[in-house]
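No value in this document is a laboratory result; all are computed from the given coordinates. Source: prediction; values computed, not measured. With ideal geometry, Cβ positions are generated from the backbone for all residues, glycine too; neighbour counts draw on all protein chains shown.
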Amino acid sequence: MRHGMTMSVTLAIVTGLGLTASIQSTPKATAATIAQVGWMEGTWVARKGGVTVEERWTPPAGGAMLAVSRTIKDGRMAGFEFLRIVERDGGLVYVAQPGGTPPTDFTLTAVSENSATFENPEHDFPKVIRYTKRPDGSLEARVGDGGAKDETFSFRKP
C-alpha cells in the first residue's frame, strides 16, 4: 500500500509539472549504417559450463546483417534464435526472434568502432543488448537491464 501511495504521489508531481507518465519510453536513436557494425560478421562460439552458444552473422549487405543462434546443452539443442540488424530511418535496429517468436525491436543508442548498444525499455528482458569487439579478437555480448541481472557471453571464432 505504501509503495502504491508513493507511486501516486510521484505521478501527481510529474503530472503537475506537465510531464506524461511515459517520460522516456522510446530510446534516443543514434544515426548509423550497417557497415559500422560489420565487425560482428562471422561465426562465433561461447562456452560457459556445459552450455555452448553459437552465433553466425552474415556480412553487411543491402542494409542488413542476418544471424542465427543456437544453444546446446548436454549435447542437445536447448534453444535457437533468428537475429537481424537492419538500417531503418537513418539508424540501426536489432531484431530478435528467440525460438521463432514474433520479432522484438531494439534501437541502436550508441555505436563506436568496436561497440554497439541496442535498447528497448518496454521489453521485459532484456532491455539492453551490447556487442563489443575486444582487443584480443573476441566478441562480447552483454544482455540485461544494465544492472546486476546482466549476462555476458564471450564469443570466439572456432
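Okay, here's what the table says:
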read-out	value
Filter result (under 10 Å from the mean Cα position of the chain (by Cα) and not small (Gly, Ala, Ser)) within region 92-103	93, 94, 95
Close pairs (7 angstrom Cβ cut-off, 6 or more residues apart or separate chains): over 15 Å from residue 48 (Cα atoms) in region 69-87, not small (Gly, Ala, Ser) and not in a strand (DSSP E or B) anywhere	85/34; 85/37; 87/33; 87/34
Residues satisfying the stated conditions in region 105-124, i.e. under 10 Å from the mean Cα position of the chain (by Cα) and without any contact (Cβ under 8 Å) to a residue 40 or more places away in the chain	105, 106, 117, 118
Selected residue (criterion: surrounded by the most Cβ atoms within 10 Å (Cβ to Cβ)) from residues of region 49-91 that are of a type in the set (Asp, Glu) and within 17 Å of residue 141 (Cα to Cα)	55
Qualifying position, being touching a Ser or Thr at 6+ places or on another chain (Cβ under 7 Å) and either closer than 14 Å to residue 96 by Cβ or of a type outside the set (A, V, I, L, M, F, W, C) (or both), among 56, 70, 76	56
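Yes/no matrix, rows are residues, columns are (1) part of a strand (DSSP E or B); (2) touching a Cys at 6+ places or on another chain (Cβ under 9 Å); (3) surrounded by 15 or more Cβ atoms within 10 Å (Cβ to Cβ); (4) among the small types (Gly, Ala, Ser):
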position: 109; (1), (2), (3), (4): yes, no, yes, no
position: 116; (1), (2), (3), (4): yes, no, yes, yes
position: 130; (1), (2), (3), (4): yes, no, yes, no
position: 135; (1), (2), (3), (4): no, no, no, no
position: 140; (1), (2), (3), (4): yes, no, yes, no
position: 149; (1), (2), (3), (4): no, no, no, no
position: 152; (1), (2), (3), (4): yes, no, no, no
